[in-house]
Amino acid sequence: MSMASSADRLPDLPWHRMALRGLATALLMLVATVGPWITSAAEASPSMQSTGSSFASVAIQEWVGQSSTLYGLNINWQVSSSVVGLNNFAQNQVDFAASDIPYSSQQSTYYPNISYQYMPDVAGGLAFMYNVNGNDGQQITSLNLDAAVIDDIFLGKITKWNDPAIVSLNENLSQDLPNQTIIPVFRSDASGENYLLSDYLLHQDGATFTQAQKDFQSGNVGLPSATWPVPSASSNINPSTYPNWATQTPVGQSGSDNAANYVSALSSVGSITYVETAYAKEHNFPVASVKNASGAYVQPTSLNVATAMEAAILHPDLTQDLTNVYTNPLPNAYPLSAYSYIVSPCSPSLAAAQGANCAGGPNVPSTFPSQKGQALGQFVGYLACAGQEKMALLGYSPLPPNLVSDDFDAIGRMNGGQQPPPPTAANCKNPYVDGEIPLPGEPAVAGQAGGGVNATTTASAAGGATRAAGPSGSSRSSGSSGSSGSSGSSGSSGSSAGGSSGSGSAGSTASNGTKGLTAARPLKPPCPDRFTCADALLAATRQVGTGTGLYFDWAIVIIAVIVGPPALAMYRRRRKAAGGPARAPGATS
C-alpha cells in the first residue's frame, strides 16, 4: 500500500490561517533582510536642501525624483529664482543652489563665506510663449520675432499685434494678425530670465534698451539686470513713447510657472511672456521663432540650442560668455541659448590636488559634510549622464561631453565626492556621450582644447564611437573673443532649451506662415527612441542594490509564500476527495 511520506503531511488548517502564517513568515524574512539595508540607505542619503532657478526647475524636478527612486537620495528642491538661489546659498541656508547667473554678475545681495564652484547642469533657450488668435478665430502658432520687436514689446512701445513692425516679420500672417492689444508679461522677481533677456537686447538693440533704462530710472544703465526695467514712481515717461506703460498694460508675474499659467489662461488672449521652453511644452502653447544672425527664424529646439551654444566661451570657472551665441551665424542657431548651473561647496585642497581652483570664496578648508558631498556627487553624476536622456523631450538640450567631464572633476572637489572615471559610452548614458544623438559641437572652455562646430569627440575603448560634430563645411575656432562692453560681467544668464530631439532641420523660416501645432514645434513623442518608457520602468525596478529592486524581488517572495501553502492544501483536498492519496505532485510511493 502506498503511503504519503511525513514530509508531505500538512495540518488541516483553513486556508486563510495558513495564508496569515505565510504572510507573517514572509514579513519576518523581509524585515530581517531589508531592514539593515533601509537603515544603511537612510544613513547614506542625508537630507539636502536646495533652491533656485525656475529656468532649470522642470529638469531639476525630474532629476530629484529619479535619483530618489534609483539611489534613495533625499533632496528637498524648492523652485524660486536664480537670485534667491545665490542669496540662500551665500547665507548657508541651502546645501546647493541652482542658478543661471554667477555671483560675478553682481545680482545677488549676499556672497558666500565658503569656497564654491559652478557645475553646468543643462542647456536651453529662452522662449517667447504667446497666446494670440488670428482674425479667423484660430490660434496663431507660427509667429516670427526679432530682437528689435522683442525689445519694443517688453518695453511697452508696441501695443497691437498688427503693428507694422510685427507684420513685416510675418508676411504670411499679414491679413490674420489681429488689431488686439499686446499684454507683455514680464518677470516681476529678480531672475536669470530677466538677466539673459536684457543681456541679449543690450547686445542686439542696445540703444533702445539703454534709453528705456534711463527713462524708467531703472537699473544700472547699459548693463544687464536680473530685475526687469519698469518705470519708477519718479520717472516721467512720455506716453507716446511707451504707450503700454502709460495705460499700465504690462503684467508682472513672479516665477516661470506663474508667467506661463497667466499666458495660457483663456482670459489672457493677446499675452506673451519669456520662459524656458519646457513651460510652453507643459501647457501645449506655441513659442515664437526668433531671427538669428543668418537671417533665419528658428525655434528653441534641442538641436538649435546645442548648435548655438557651440559658440559660447566658458571661463575657467565654467561661467559663460554668450556674446558669440547671440551672433552665431549658423542657420539653425537659436540666439537666446545658455547654460544653467549647480552652485556647490568646493574644497580648495581637493581642487589644488587636481591642479585647479574653486570658482570663488575664501581659500579656507571646506566644512561641507562628507556624507552630503558623496550624495551630491552621486546626484551630479546622475544628472550629467543618464539624467540628460530625456532633456530634449522636456524642453532642454543635453550637456556636451566636455562639460560632463568638467562636472565629473567638480564632484572630486567636494568633501566625500567620489570623482567618476572619464565619461564614455559605456558609463555615461548622456545621448551626446553614447552617440544616440550626433553632437553639433561643444563650447570652448578656457584652458581646454577643442570646442566649436566640427570638434571631434572620441569615446574611450569601452565602446564609444568617434563622432564628427556639426554640419559639414562649417567650422568655428575655439578661441573667439569674450563679451562686448555692454555685458556687465563674465557670466550671462539663462538656461532653457528646446523641444525636439537632436535630429532634424533648422528652425522654421519666415516663409512658413501656416497655422497648426506642427508648424510651430514638433509633436512630442511618447518616449525617447532608445530608452523607452517600458525600459525605464524596468530599469528603475531592477536596479541592483537599490530599494526598488529589493522591493520588487521581495514582493515575488511574499506572493509565493502567501499563495503557495493554500494552493498546495487545496490540491491535496481535491485529490483526497477524488479518492487519491493526498500528496504533493511528484511524490513517490
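The values are calculated or read from the model by the stated rules, or taken from the named source; none is laboratory data. Computed from a predicted structure; not experimentally measured. Glycine also receives a Cβ, built like all others from the backbone with ideal geometry; neighbour counts cover every protein chain displayed.
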Taking the range 187-226 and keeping only residues that are more than 24 Å from THR319 (Cβ to Cβ), small (Gly, Ala, Ser) and either more than 26 Å from the chain's Cα centre (by Cα) or assigned by TED's automatic domain parsing to the domain that holds ASN328 (or both), one is left with ALA207, ALA212, SER218
Which of (1) in contact with a helix residue (DSSP H, G or I) (Cβ under 9 Å, 6 or more places away or on another chain); (2) outside the structural domain of PRO184 (by TED's automatic domain parsing); (3) β-branched (Val, Ile, Thr) does VAL84 not meet, given it meets every other one? (1)
State which residue pairs qualify: first residue under 18 Å from ASN238 (Cβ atoms) and inside the range 138-166, second residue surrounded by 21 or more Cβ atoms within 10 Å (Cβ to Cβ) and of a type in the set (S, T, N, Q) in any location, beta carbons under 7 Å apart, and separation of 6 or more residues or different chains. GLY156/ASN244; THR159/ASN244
Residues in the range 391-411: is at least one over 19 Å from the mean Cα position of the chain (by Cα), over 24 Å from GLN61 (Cβ atoms) and in contact (Cβ under 8 Å) with a residue 12 or more places away in the chain? yes
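Look at ALA280 and say whether it is out of contact with any Leu (no Cβ under 6 Å at 6 or more places or on another chain) and surrounded by fewer than 23 Cβ atoms within 10 Å (Cβ to Cβ).
Values: out of contact with any Leu (no Cβ under 6 Å at 6 or more places or on another chain): yes; surrounded by fewer than 23 Cβ atoms within 10 Å (Cβ to Cβ): no.
Here the answer is no, as ALA280 does not meet what is asked.
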Starting from the range 59-72, take each residue that is closer than 15 Å to GLU282 by Cα and among the charged types (D, E, K, R) and list its partners that are at pLDDT 95 or above and in a helix (DSSP H, G or I), counting only C-beta distances under 8 angstrom and pairs at least six apart or across chains. GLU62/GLY387; GLU62/LEU394
Determine which single condition ASP151 fails, assuming it passes every other condition in (1) touching a helix residue (DSSP H, G or I) at 6+ places or on another chain (Cβ under 7 Å); (2) more than 30 Å from SER81 (Cβ to Cβ); (3) acidic (Asp, Glu). (2)
Out of everything in the range 219-239 that is in contact with a helix residue (DSSP H, G or I) (Cβ under 8 Å, 6 or more places away or on another chain) and small (Gly, Ala, Ser), what residue ends up being farthest from THR273 (Cα to Cα)? SER235
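Sort out which residues of the range 47-76 are outside any helix (DSSP H, G or I) and either surrounded by fewer than 18 Cβ atoms within 10 Å (Cβ to Cβ) or aliphatic (A, V, I, L, M) (or both), and write them in order of number. Break it down stepwise before answering.
The first filter runs over the range 47-76 and keeps only residues outside any helix (DSSP H, G or I), leaving 47-56, 72-76.
Those that are outside any helix (DSSP H, G or I) and either surrounded by fewer than 18 Cβ atoms within 10 Å (Cβ to Cβ) or aliphatic (A, V, I, L, M) (or both): SER47, MET48, GLN49, ALA56, LEU73, ASN74, ILE75, ASN76.
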Any idea which of PRO243, PRO184, PRO239 is at pLDDT below 95 and either surrounded by 18 or more Cβ atoms within 10 Å (Cβ to Cβ) or more than 34 Å from the chain's Cα centre (by Cα) (or both)? PRO239
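Of these, THR51, THR69, which one is out of contact with any strand residue (DSSP E or B) (no Cβ under 8 Å at 6 or more places or on another chain) and among the polar types (S, T, N, Q)? Don't jump to the end; show me each part of the working.
Numbers: THR51 fails: out of contact with any strand residue (DSSP E or B) (no Cβ under 8 Å at 6 or more places or on another chain).
Exactly one residue qualifies, and that residue is THR69.
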Can you confirm whether ASN261 is surrounded by fewer than 18 Cβ atoms within 10 Å (Cβ to Cβ) and among the polar types (S, T, N, Q)? yes
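In the same structural domain as ASP257 (by TED's automatic domain parsing) and either at pLDDT 95 or above or in contact with a Ser or Thr (Cβ under 8 Å, 6 or more places away or on another chain) (or both): does that describe SER168?
Answer is yes for this residue.
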Please state which of the following conditions ILE140 fails to meet, knowing it meets all the rest: (1) within 26 Å of SER349 (Cβ to Cβ); (2) outside the structural domain of PRO365 (by TED's automatic domain parsing). (1)
So, in the range 324-367, exactly how many residues are surrounded by fewer than 22 Cβ atoms within 10 Å (Cβ to Cβ) and under 24 Å from PRO398 (Cα atoms)? 3
Extreme residue, nearest to GLY85 (Cα to Cα), among residues of the range 310-341 that are assigned to a loop (DSSP other than H, G, I, E, B) and touching a Ser or Thr at 6+ places or on another chain (Cβ under 6 Å): THR319
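Among what's in the range 334-347 and is under 16 Å from ILE411 (Cβ atoms) and not polar (S, T, N, Q), pick the residue that is farthest from the chain's Cα centre (by Cα).
The initial filter retains those residues of the range 334-347 that are under 16 Å from ILE411 (Cβ atoms), namely 341-347.
When the remaining residues are screened for being not polar (S, T, N, Q), the result is 341-343, 345-346.
Numbers: TYR341: 10, ILE342: 11, VAL343: 15, PRO345: 21, CYS346: 23 Å.
Among residues in the range 334-347 that are under 16 Å from ILE411 (Cβ atoms) and not polar (S, T, N, Q), the one farthest from the chain's Cα centre (by Cα) is CYS346.
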